[in-house]
Structure formats: structure tokens, C-alpha cells
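Before any comments, here is the structure.
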Amino acid sequence: MDSPLGMLAWLRDKMEPLVDTDFTWDDETVITWAMLYFIPNNSAAPQIYTNVKGSKLADFEKYLLSRKVPSNVDFGVSIFPKDVINAPRFWAEACVADNIVFWKEHDKGGHFPSVERPEVLVEDVRAFTGMVGRERLGDLRRAGKVKV
């Protein structure tokens with residue numbers, strides 16, 4: 001956070017390889033993203049590279065990677081080929097979630113589908129939410145998470 005140019009270079013270095021070959025980041029968007037770190041003075045996202053290694057890696061694995069999404073939660077996945085990591089469905093079913101109701105693998109796109117392929121991501125979100133169990137929608141409404 002002590003170098004605006006350093007943060008901008010770091011972001012660009014991380015963003016560039018995570019998009020498909022037909023997408024180009026424009027300078028204004030990259031600068032805007034960098035400002036989202038600078039204005040609130042928040043460097044939390046880059047800290048993953050510091051805090052998830054060595055002895056801290058075991059904590060990360062224990063508290064995040066070893067916990068499966070329970071069967072009472074509908075789970076959906078959109079996979080874009082240039083993302084950081086893409087898990088095969090058999091692994092996701094065994095290790096990530098018990099109730100995968102939506103799974104879509106795309107031919108194009110990367111880690112930032114909301115910027116790179118927003119229309120495709122919106123279609124996926126709509127398809128997934130259409131598959132959420134009716135009993136779960138009732139639970140979400142009662143909890144104030146969904147408005148009708």
C-alpha cells in the first residue's frame with residue numbers, strides 16, 4: 001500500500017493472465033480496481049500470497065478446504081477455462097459440496113467473468129437460482145435473504 005505504481009503493476013500482473021485471449025483490460029478499469037484498494041487502504045486480497053504459506057497453509061486447509069458445503073445448501077458452479085483453478089466435477093462432489101444442482105463449463109472466459117463475459121455469468125446465475133429448491137427459498141424468505 002506504500003506504492004501506488006507498485007500496486008498498479010501488481011494488479012496488472014495478476015489480472016492479465018487470468019482472462020481469455022480475446023479480452024483486453026483497458027487502463028481505466030485497471031486503475032479503478034487499484035483505487036478500490038487505495039481509497040480504503042485495504043491490501044487484504046494481496047495478503048493471501050503472504051498468509052497462505054508455511055505453517056499458515058495448514059490452517060487454511062483445515063478451516064477452509066476441509067469443510068464441505070452441507071447437503072441442505074444448493075450449490076452451483078460456473079467454470080471458465082482461464083480461471084485460477086478448475087476442479088473436475090467428481091472432485092467437487094467428493095470434497096466441496098454435497099448438493100451440486102448447477103454445473104456449467106464454458107469454452108471461453110477467465111477469473112473475472114463479471115467483467116469479461118457478464119451476459120454469460122448472468123445466464124448462469126439465473127439458471128442456478130431457478131434450480132434452488134422451493135423449500136430452501138422459503139427458508140431464505142423467512143430469514144429475510146430473499147424478497148418476493
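The values are calculated or read from the model by the stated rules, or taken from the named source; none is laboratory data. Remember, it's a predicted structure, so these values are computed and weren't measured experimentally. Reconstructed Cβ throughout: ideal geometry from the backbone, glycine too, with neighbour counts over all protein chains shown.
Quick one: would you say residue 59 is more than 19 Å from the chain's Cα centre (by Cα) and in a helix (DSSP H, G or I)? Yes, satisfied.
I'd like to know if region 134-145 contains one or more residues that are surrounded by fewer than 12 Cβ atoms within 10 Å (Cβ to Cβ) and within 13 Å of the chain's Cα centre (by Cα). No, that holds for no residue.
Checking the structure you have, find out if any residue of region 103-112 is surrounded by 13 or more Cβ atoms within 10 Å (Cβ to Cβ), farther than 28 Å from residue 25 by Cβ and not assigned by TED's automatic domain parsing to the domain that holds residue 22.
Residues of region 103-112 that are surrounded by 13 or more Cβ atoms within 10 Å (Cβ to Cβ), as a first pass: 103-104, 106, 108-112.
After this cut, where a residue has to be farther than 28 Å from residue 25 by Cβ as well, the list is 103.
Cutting the leftovers down to not assigned by TED's automatic domain parsing to the domain that holds residue 22 gives us 103.
Yes; the residues of region 103-112 include at least one that is surrounded by 13 or more Cβ atoms within 10 Å (Cβ to Cβ), farther than 28 Å from residue 25 by Cβ and not assigned by TED's automatic domain parsing to the domain that holds residue 22.
Quick test for you: out of 73, 30, pick the one residue that is under 30 Å from residue 107 (Cβ atoms), part of a helix (DSSP H, G or I) and either touching a Pro at 6+ places or on another chain (Cβ under 9 Å) or modelled with pLDDT of 80 or more (or both). Before the answer, list the steps.
On the way: 73 fails: part of a helix (DSSP H, G or I).
After ruling out the rest, the residue left standing is 30.
For region 94-109, does any single residue satisfy the condition of being part of a helix (DSSP H, G or I) and among the aliphatic types (A, V, I, L, M)? Looking for residues that are part of a helix (DSSP H, G or I) and among the aliphatic types (A, V, I, L, M), one finds at least one in region 94-109, hence yes.
Check whether at least one residue in region 98-119 is without any contact (Cβ under 8 Å) to a residue 24 or more places away in the chain and more than 15 Å from the chain's Cα centre (by Cα), and report yes or no.
Restricting attention to region 98-119, the residues satisfying the condition of being without any contact (Cβ under 8 Å) to a residue 24 or more places away in the chain are 114, 118-119.
From what is left, the residues that are more than 15 Å from the chain's Cα centre (by Cα) are 119.
Scanning region 98-119 turns up at least one residue that is without any contact (Cβ under 8 Å) to a residue 24 or more places away in the chain and more than 15 Å from the chain's Cα centre (by Cα).
Taking the criterion of being at pLDDT below 80 and closer than 23 Å to residue 80 by Cβ, the residues of region 33-63 that qualify are 45, 46, 48, 49, 52.
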